[in-house]
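Report on the following structure.
The values are calculated or read from the model by the stated rules, or taken from the named source; none is laboratory data. None of the values given here were measured: they were computed from a predicted structure. Using ideal geometry, Cβ is built from the backbone for each residue, glycine included, and neighbour counts are taken over all protein chains shown. SASA here: full protein model, heavy atoms, side chains in, ligands and nucleic acids out. Shrake-Rupley method; radii C 1.70, N 1.55, O 1.52, S 1.80 Å.
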Amino acid sequence: MTIEMKKNMEETILEITGRLDTTTAPNLESVVNELSEDTKELVFDMSELEYISSAGLRVILRLRKEDPKLAIINVASDV
């Protein structure tokens, strides 16, 4: 999995590529935890995500519960 970060005045976009699974989910958590407090909106762009396991879903659901401004975009139906 790779994560590319793009920031602008309003949001931080994390483009997630590859597999989000038991091995890589902690990496996503780490990246999100390192974001500054001034991030107004966090967006996960999953257009290049190939696979997501229950471990990856748990991380996303926990983050969403902690931050209601988290958005998920470009999710493929076959992931």
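Restricting attention to segment 32-71, which residues are of a type in the set (Ser, Thr, Tyr) and in contact (Cβ under 8 Å) with a residue 24 or more places away in the chain?
Result: Thr39, Ser47, Tyr51, Ser53.
Kindly evaluate Glu11 against the criterion of being in contact with a strand residue (DSSP E or B) (Cβ under 7 Å, 6 or more places away or on another chain), acidic (Asp, Glu) and on the phi < 0 side of the Ramachandran plot.
Here the answer is yes, as Glu11 does meet what is asked.
Output the number of residues of segment 29-79 satisfying the condition of being assigned to a helix (DSSP H, G or I) and open to solvent by 90 Å² or more (accessible area, probe 1.4 Å).
Residues that pass the stated criteria total 6.
If I filter segment 41-49 for residues that are of a type in the set (Phe, Trp, Tyr) and in contact with a helix residue (DSSP H, G or I) (Cβ under 9 Å, 6 or more places away or on another chain), do I get at least one hit?
Checking segment 41-49: at least one residue is of a type in the set (Phe, Trp, Tyr) and in contact with a helix residue (DSSP H, G or I) (Cβ under 9 Å, 6 or more places away or on another chain).
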